[in-house]
Structures are given as C-alpha cells and as structure tokens.
Amino acid sequence: MVKELVIASGKGGTGKTSIGAALTALAPAKILADCDVDAANLHLVVGSRLKEAHDFFAGFAPVVDEEACLHCGRCTNLCRFDAIEDGVISRPLACEGCGVCAFNCPAHAISMVDKKAGQWLVSETRHGLLVHAELGLAVDNSGKLVSEVRRQAKSRAEKRRLPLIITDGPPGVGCPAIAALTGASLVLAVTEPSLSGIHDLERLFFLCHHFGVPVAVCINKADISEENTRAIVALSRRERAPVVGEIPYDDVFREAALTGCTVMETGSAALTGEIRRLWLAVAGLLGVEPGKAAAWGLERLIDRLGGRRGMP
Ligand code: SF4
Ligand code: SF4
C-alpha cells in the first residue's frame, strides 16, 4: 500500500515547503505532490520539466447564444453578482455559476457549461515525478483541485509500484488543507516557536485528530525561542504527537530557495545532518525504507556519538 506523508503547517511562512523539499531529496522511491494549489512553489526548488498539462473543470459558467438573445434585460435584473448585462457576460470573474440567468431566460439563450478552473500538471524533477497544479484566477474550488492532485499522484505511485507520496500541503486549516490531509498516513506539522506558531499548531492538531490522521511535529527555527520551543514540545506531548525534528534557524533556507535548490544540496553539514535525522524518524513512523542517503546520516550520527570510527 502506498503511504502518504503530508507536510502541513497551520499557516504559511513556517518553512513547510523548504523542509518538505529537503525530505524529497532524501526519500529514495516516491512521487511528489504539491497540494498548495493557490501558490504552488515546490517545483521551483526541485527543478522541474513539464511533461503533462490537463485542464481541470469545476462548477459552471454561462454561455449566451447571441442570435437567440432578445436583449430583454431579465438576466441583468436577476443576477445578484452584476455579472451579466442584457445577454453579455460583462464581468465573468464575478459570475458564481448559479444558473439563475439560464433558468429564467425567456428565449432559452443561455446554457451553463463546465467551467475551466485551472490545470493539473505532471513534471519530472531532480527528486522524482511531481504532480502539481495551477488554480485559475478568482476560482474557489481549490479543495477539488487538491483532491485531483492527490488522486493523480496516488495513481502514478501505484503504477510505478512506489511506496511513498510526499505532499506539500496547503497552509492553514481550511478546505484545501482538509482535502490534502484526510486519509493521509502521516502529517508532518512544521511549526515555529512563536505564539502564533503555537496557536496554529493547536488548530492543526485539532484538525488531524478530528480526521483521525497521525501527526508528528518538526519545529523549524527551534533556536530562536527556547521558551516557545519548550512550550511546543509540551503541547505535542499532551497531543501525543512526537517531535521528530528541531531545525535551527539558518539563512541557507532562503539562499537555497533563491538558487532553486533544496537545503540538502546547499546546506551546512550540521543542518543537513538534522534534516537526515528528521527523515529517519519520519520514515520510521511511516514504515518505509529510509534509503542510503539517510542511512549514511545515521552512520555519521553514530560515529559522532562515539559508536563507530573511520566512516567517510
Ligand atoms: S434574459 Fe435571455 S433573452 Fe433576456 S437579455 Fe438575458 S440572455 Fe437575452
Ligand atoms: S450564472 Fe448566476 S452569477 Fe453567473 S451571470 Fe448567471 S445569474 Fe449571474
């Protein structure tokens, strides 16, 4: 059975994508999925080459048969969103696709057609196949697009007999986040030691518990507030969520993103060592093989602790 790891955060800006991308560089056999469809950016740090683009339809949009239209003005009067003027869709972005105009048109001049709401895409990357998406302008069906990205990622993982999907989840705890994490094997909650970070983590715990999804915690920038980091550790203990990573603050995250790399490709040995340990813990919780890159990190850790000598 394919395992799904969803990297989540109660809000944006916690380093979720950077840490998720670093894990993709370590996991040996996986499909990547970017479910942050409102602002997809995982492809920017894993180097992508587009292979497939598919239109995504959700909801309906009116199309007017100009020849049949009597220009009676009825649709204009009935549209609550001021999107149509006497048979002309004058403000398409304002249209909610409710169908009131079509239902009440005396000349049956309006048809409701499937509305293109974005695209889902498949790209090759340095770290495996990536399924991602672009949501259309002023479209509010991101939960459905998230579900489509997950469905496509799962189907490709099954076809290729890959044991794992690593998903960059949407920030927050709204509909897209719910669509991304329900039924996942494990949520890795990336948080930061600030009061808002603690509050957002509480909301994420509530969501994961509600949907019965196991959750583990990674504290990013753990050294910027020892007090808040301790509070997160205590909160996680109460919520029965293991803290599997404490990543120190490091400017290299920003530098790596700017150069289109993961921190595993540019970071210091200390930082990449922490992330290897994080991956080993996550792989253990998921029950997947951690792979050679991570195993090497474990050997270095054992070596540092004096258990072995002479490792490369
Ligand atoms: S209600 Fe129908 S016939 Fe009347 S203006 Fe609108 S589209 Fe034209
Ligand atoms: S579908 Fe609804 S929102 Fe769109 S133009 Fe018709 S009445 Fe207005």
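Mean sequence separation of contacting Cα pairs (under 8 Å, at least six apart), scaled by the length of the chain, corresponds to a relative contact order of 25 percent. A 1.4 Å probe over all protein chains sorts E4, E66 by accessible area into E66, E4, starting with the largest. For the chain, the list of Cys residues with no other Cys C-beta under 4.7 Å reads C35, C69, C72, C79, C95, C98, C105, C175, C208, C218, C261. For the chain, the 222 nm mean residue ellipticity estimated from helices alone, with every DSSP H stretch of n ≥ 4 adding -39500 (n - 2.57) and the total spread over all residues, rounds to -11500 deg cm²/dmol.
Karplus-based coupling profile of the range 274-285, in residue order and whole Hz: 4, 6, 4, 5, 4, 5, 4, 5, 5, 4, x, 5, with θ = phi - 60° in 6.51 cos²θ - 1.76 cosθ + 1.60 and x standing for Gly or Pro. Here's the picture: charge each Lys and Arg Cβ at +1 and each Asp and Glu Cβ at -1 in the range 41-98, and of G97, C72, F57 the one pushed furthest to the positive end of that dipole is F57.
Straight-line cross-link partners of K30 among the lysines, defined as a Cα under 26 Å from its Cα and at least 8 positions apart when in the same chain: K3, K11, K16, K51, K144, K154, K159, K292. Of S155, S90, S196, the residue with the greatest mean-square motion in the GNM of the chain, using alpha carbon springs below 10 Å, is S90. As a length-normalised measure over Cα pairs under 8 Å and 6 or more apart, the relative contact order of the range 34-190 settles at 30 percent. For the range 186-288, a crude dipole built from +1 on the beta carbon of Lys and Arg and -1 on the beta carbon of Asp and Glu, taken about the Cα centre, is about 440 debye to the nearest 20. Net charge dipole, the range 57-106: roughly 200 debye, given to the nearest 20, about the Cα centre with Cβ charges of +1 for Lys and Arg and -1 for Asp and Glu. Binning the C-alpha pair distances of the range 10-122 at 5 Å intervals from 0 yields a P(r) profile of 2, 10, 16, 15, 10, 8, 8, 9, 8, 7, 5, 2, 0 %, listed from the shortest bin outward.
Of all the accessible heavy-atom surface of the chain, with the other protein chains kept in place and a 1.4 Å probe, what percent is carbon and sulfur?
It is 53 percent, rounded to a whole number.
Within 11 Å, Cβ to Cβ, of G267, how many net charges do the neighbouring residues add up to if Lys/Arg are +1 and Asp/Glu are -1? Here the charged neighbours net out to -4. For the range 115-192, state which trypsin sites (Lys or Arg not before Pro) are in a DSSP loop and have at most 14 other beta carbons lying within 10 Å of their beta carbon. Taking the range 115-192 and a limit of 14 other Cβ atoms within 10 Å, the loop trypsin sites (Lys or Arg not before Pro) found are R160, R161. Across the range 145-157, rounded Karplus estimates of 3J(HN,Hα) from the backbone phi angles (6.51 cos²θ - 1.76 cosθ + 1.60, θ = phi - 60°) give 5, 4, 4, 5, 4, 5, 4, 5, 5, 5, 4, 5, 5 Hz, Gly and Pro being marked x. For the chain, the residue among G118, S268, H132 whose Cα projects farthest onto the positive side of the dipole built from Cβ charges is S268.
Compactness of the chain, taken as the C-alpha radius of gyration over 2.2 N^0.38 Å, stands at 1.20. For A133, the residues whose modelled amide H falls within less than 5 Å of its own, excluding neighbours fewer than 5 places apart on the same chain, are L121. Measuring spread by the Cα atoms of the range 1-43 yields a radius of gyration and Dmax of 10.8, 32 Å. If a spin label sat at a point 7 angstrom from the Cα of D65 along the line to its beta carbon, the backbone N atoms of the range 78-120 nearer than 17 Å would be those of 87-89, 101-114.
Compared with the direct C-alpha span, the chain from S90 to L78 gains 2.9 nm at full extension, assuming 0.36 nm per residue.
The values are calculated or read from the model by the stated rules, or taken from the named source; none is laboratory data. On a predicted model such as this, the values are computed, not experimentally measured, just so you know. Positions of Cβ are generated from backbone atoms using ideal geometry, with glycine treated the same way; all protein chains shown enter the neighbour counts. Surface areas here come from the heavy atoms of the whole protein model, side chains and all, with no ligands, DNA or RNA. Shrake-Rupley method; radii C 1.70, N 1.55, O 1.52, S 1.80 Å.
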